[in-house]
1. Within the stretch 1-40, restricting attention to residues that are assigned to a helix (DSSP H, G or I) and at pLDDT below 80, which residue is least open to solvent (accessible area, probe 1.4 Å)?
2. Pull out all pairs, ordered by first then second residue, where Cβ-Cβ is under 9 Å, the residues are six or more apart or on different chains, the first lies in the stretch 59-70 and is open to solvent by 70 Å² or more (accessible area, probe 1.4 Å), and the second is at pLDDT 95 or above and in a helix (DSSP H, G or I).
Amino acid sequence: MNFVNYLQFLEPMQDQITKIYSIMSGIIAFLLIIWLFNFIAGLIQRTYLIGKAFGGFYRNNLHRYFKLAIINLLGFSKKKLQ
């Protein structure tokens, strides 16, 4: 027997390997999509928590000073225009 005859015997096994490869690549693609959604959701959650922490810090510690500064600046510009 020559090499060509051996390849004919391996043909059904090659079909099975092709099917397994196709199924595994589909599963890997699905897992990558799920991981990407999870990554984006984690980024959104972290951004929200950072914004909430900064907003709370600003409101509790800095808001009154900025409010007074803006009121004084607006009042100063109105007095200057009249």
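1. If we take residues in the stretch 1-40 being assigned to a helix (DSSP H, G or I) and at pLDDT below 80, then Asn5 is least open to solvent (accessible area, probe 1.4 Å).
2. Close Cβ pairs (under 9 Å, with a partner that is at pLDDT 95 or above and in a helix (DSSP H, G or I)) amount to Phe66/Tyr58.
The values are calculated or read from the model by the stated rules, or taken from the named source; none is laboratory data. Owing to the predicted nature of the structure, the values given are computational and were not obtained by experimental measurement. Cβ atoms come from the backbone with ideal geometry, glycine included; neighbour counts cover every protein chain shown. Areas reflect the complete protein model, heavy atoms only, side chains present, ligands, DNA and RNA absent. Shrake-Rupley method; radii C 1.70, N 1.55, O 1.52, S 1.80 Å.
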